[in-house]
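I have placed the structure first, in the form of structure tokens, so that the comments after it can refer back to it.
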Amino acid sequence: MIRDSHLKPGFIAAMLHRLSGVALAIFLPMHFIALGTALGGADALQGFLVLTHSSFVKFAEWGLVMALAVHMALGLRVLAIEWLAMRDRGAVVVSSCVAASAAVGLLFLLSGGI
């Protein structure tokens, strides 16, 4: 059963921030593999980059951009709470962070990211 405290904007923002951080942490090993193949020379890197042309990888790229945007926006929210003592209008701030992240994801799609 969902408690009322789990429906508050601060809790939702904290969970989104943590989940986007986990998504970024899952991405890191793949990034290190790509960097490692680059050290193996141009042919090894080209062989790896051929794998990145699939639709699944392109969709995952969009997910990575969204995770970065969400994590950054909600991280700025946390900094504002700590440094500026901004505790009022929680729903507005969280909604603004999510909207800004969605805008970044949409711009990525429109720029030909997928």
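Name the residues in the range 60-114 that are at pLDDT 90 or above and of a type in the set (S, T, N, Q), would you?
S101
So which of A14, A69 ends up being surrounded by 13 or more Cβ atoms within 10 Å (Cβ to Cβ) and in contact with a helix residue (DSSP H, G or I) (Cβ under 6 Å, 6 or more places away or on another chain)?
Only one candidate qualifies: A69.
Quick check on the range 1-33: of everything there that is part of a loop (DSSP other than H, G, I, E, B) and more than 21 Å from S101 (Cβ to Cβ), which residue is modelled with the highest pLDDT?
This residue is R3.
The values are calculated or read from the model by the stated rules, or taken from the named source; none is laboratory data. Treat the numbers as computed from the prediction; the structure is a model and nothing was measured. Cβ coordinates were reconstructed from backbone atoms using ideal geometry, including for glycine residues, and neighbour counts include every protein chain displayed.
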